[in-house]
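The values are calculated or read from the model by the stated rules, or taken from the named source; none is laboratory data. Just so it is clear, the model here is predicted, and its values are computed rather than measured. Don't worry about glycine lacking a Cβ; one is built from the backbone with ideal geometry, like all the others, and counts go over all protein chains shown. We work out accessible area using only protein heavy atoms, side chains counted, and drop any ligands, DNA or RNA first. Shrake-Rupley method; radii C 1.70, N 1.55, O 1.52, S 1.80 Å.
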Amino acid sequence: MNITHLPHVVIVGAGFAGLETARGLANARVRITLIDKRNHHLFQPLLYQVAIAGLLPSQIAYPIRTIFRRQKNLTFQMGEVSAIDLDAKYIKLDGSVIAYDYLVLAVGGRTNFFGLDSLERDGLQIKDIETAVKTRNHLLSMFERASYEADAEKRKALLTFVIVGGGPTGVESAGALMELITHVMVKDYPNLNLKDARVILLEAGPHLINAYPDALRKSTLKLLQRKNVDVRLNVKMENFNGHRVTLAGGDTIETHTLIWTAGVKVAELMNNLGMEQATAGRVRVEPTLQLPGHPEAFVIGDAAFLVNGGGQPLPMLSTVAIQQGRGTAQNIRRMMRDMTPIHFHYKDPGLLATIGRNAAVARIWGISFSGFIAWMIWVVLHIYRIIGFRNRIIVMFNWAWDYFFYENQVRLITKE
Ligand SMILES: Cc1cc2nc3c(=O)[nH]c(=O)nc-3n(C[C@H](O)[C@H](O)[C@H](O)COP(=O)(O)OP(=O)(O)OC[C@H]3O[C@@H](n4cnc5c(N)ncnc54)[C@H](O)[C@@H]3O)c2cc1C
């Protein structure tokens, strides 16, 4: 069958939004080219587990070619899109030019260091596999170095871990790191006094997990404090130089570890589109997720800025990205039948964050839970949402093992 006459849909980004668009166009009479600079789809909500040595990268990432093996109207191309011409309708990929009839930009976000060069150089982040593994290697190395450090002050600095940002990633990382120390590292380092170890969570605002209802914010604070995480609210980090954190007001914390979870901005490609950008560089889209003046081009997921319902911008969440991917596939199908595209409405499935073993907070169907029930919901949902049957089984096994034996299985320091 000659398929070259079929409309060509180019999807840039195989994250949550791009993947869902591609799936929504399975069996449609289109040719799809799905492009990503990585060869795998990454389940970012569990990335902190890689950083805290709970899971291996291969357990939360899955090859894109394997996901789409059976989708005959799709071709995957690995590479980085460097430019887009919205008027001439083509993209540039590693020196070649690809023309499109429909374009879906689902390029996601990256860490925002707000211009603090020293933070970018010396701080750690949890954004992709490389940065999560780097964080894991660094954290584990601190215990190794502390184990032969004779000077008590220097040892204390090696065992002080600062996390900046009281959003879900900061909260989850702080809880998991504290558990790694108190349940696992104490067994690996019997001669190290791990009572010296501190996990400090800095949040510039007055609350943790700001987007959640007040009762859940308070439960989160209590759950973390119960695990001995030193939570400091209304405290702003000013600088980090690799061995000292300076706080606004001049106080300092001696540490070699700062994990920065307090800022996200849109992927670089979006800055060259010439379209209006809002907070974090997100591109303003029509309620149909189309680009103003370019109805054949869509921007979705973290890269898109759209105000919905209550007048608030849609959050940068996987659930938003997935629903927008579905909506975009539906709109492309409609446009091919000369029907007008429909507006996107986000259906909030609730919020979830875990603070370690048996401890999580959740708001689902308007009901708030915390503690063990919320944790069970979190476990089941995350296992269900990971791509690949084998990965689900392995993650479930890993967590069950950790749960019963208090053991993290992947305490490997590897070369980067
Ligand atoms: C540590 C962490 C924890 C999180 N926890 C949660 C959570 O618990 N719950 C939740 O709902 N959300 C969570 N999120 C947010 C969620 O992961 C994002 O909202 C979601 O991934 C956005 O989907 P997306 O498809 O827009 O972008 P992404 O999933 O980021 O995918 C973008 C893709 O585009 C590719 N790309 C970028 N630029 C180019 C280019 N120029 N050329 C080719 N390819 C390109 C990237 O390689 C990537 O694969 C978390 C995020 C992080 C980082």
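If you average the alpha carbon positions of segment 231-287 and of segment 76-125, how far apart do those two centres end up, in angstrom? A separation of 19 Å, based on Cα centres.
Karplus-derived 3J(HN,Hα) values for segment 90-107, using 6.51 cos²θ - 1.76 cosθ + 1.60 with θ = phi - 60°, are 8, 10, 10, 10, 6, x, 9, 10, 10, 7, 9, 9, 10, 10, 10, 9, 10, 8 Hz; glycine and proline are entered as x. Taking the Cα centroid of segment 335-359 and of segment 127-146, what is the distance between the two, rounded to the nearest whole Å? Centre-to-centre (Cα) distance: 32 Å.
Only protein heavy atoms count here; on that basis, with a 1.4 Å probe, LYS92 has an accessible area of about 90 Å². Across the options GLN44, PRO206, ILE386, the greatest Cα extent toward the positive end of the charge dipole of the chain (unit charges at beta carbon of Lys, Arg, Asp, Glu) belongs to ILE386.
Below 8 Å between Cα atoms, with a sequence gap of 6+, how large is the relative contact order for the chain in percent? Could the numbers behind the result be given before it?
Numbers: 820 pairs, mean separation 81.6, N = 416.
Relative contact order here is 20 percent.
Helical content of the chain, expressed as a calculated mean residue ellipticity at 222 nm, amounts to -9000 deg cm²/dmol (DSSP H runs of 4 or more residues, -39,500 (n - 2.57) each, divided by residue number, nearest 500).
Across segment 169-179, computed HN-Hα scalar couplings (Karplus, 6.51 cos²θ - 1.76 cosθ + 1.60, θ = phi - 60°) run 5, x, 5, 5, 5, 4, x, 5, 5, 4, 5 Hz from first to last residue, x flagging Gly and Pro. Let me make sure I get this right: for segment 42-140, a, b and c are the square roots of the gyration tensor eigenvalues over alpha carbons, sorted descending. Under 1.5 in a/c it's rounded, otherwise prolate if a/b > b/c, else oblate. Which is it? In terms of gyration-tensor shape, oblate. Using θ = phi - 60° in the Karplus curve 6.51 cos²θ - 1.76 cosθ + 1.60, the 3J(HN,Hα) couplings for segment 305-316 round to 10, 9, 8, 10, x, x, x, 9, x, 5, x, 7 Hz; x is entered for Gly and Pro.
The H on the amide N of LEU289, modeled in the peptide plane, is under 5 Å from the matching H of PHE344, each at least 5 residues off or on a different chain.
Classified by the C-alpha gyration tensor, segment 111-248 has an oblate form. Its axis ratio a/c, with a ≥ b ≥ c, is 1.5 or above, and a/b does not exceed b/c. Between the amide H of PHE240 and those of LEU119, THR246, distances stay under 5 Å, these residues lying 5 or more places away or on another chain, with hydrogens modeled in the peptide plane. Between MET396 and LYS415, the contour length at 0.36 nm per residue exceeds the alpha carbon distance by 4.1 nm. Helix 214-226 and the longest principal axis of the Cα set of the chain meet at an angle near 40°. When every Cα-Cα distance of segment 177-218 is counted in 10 angstrom steps from zero, the calculated P(r) takes the values 24, 32, 25, 18, 1 percent. All other residues with a Cβ under 13 Å from the Cβ of MET316 taken together, and with Lys, Arg as +1 and Asp, Glu as -1, what is their net charge? Around MET316, the charge tally is +3.
Based on alpha-carbon positions alone, could you give the equivalent ellipsoid semi-axes of the chain from the gyration tensor, as √(5λ), descending, whole Å? Show your work: numbers first, answer last.
Details: eigenvalues 314, 96, 90 Å².
Three semi-axes, in Å: 40, 22, 21.
Remark on ASN308: its backbone amide H falls under 5 Å from those of LEU314, a criterion applied only to residues 5 or more positions apart or on other chains, H modelled at 1.01 Å from N.
Subtracting the Cα-Cα distance of ALA211 and LYS195 from their residue separation scaled by 0.36 nm leaves 2.5 nm. Dipole check for the chain: with +1 at the C-beta of Lys and Arg, -1 at the C-beta of Asp and Glu, and the Cα centre as origin, the magnitude is about 1220 Debye. From the alpha carbon centroid of segment 314-334 to that of segment 1-46 is 13 Å. Per residue, the Cα convex hull of segment 244-351 amounts to 159 Å³. Counting Lys and Arg as +1 and Asp and Glu as -1, what is the net charge of the other residues whose Cβ lies under 14 Å from the Cβ of GLY249? Within the 14 Å Cβ shell, the charges total 0. With a Förster radius of 56 Å applied to the C-beta separation of ILE342 and GLU144, the computed FRET efficiency comes to 0.50.
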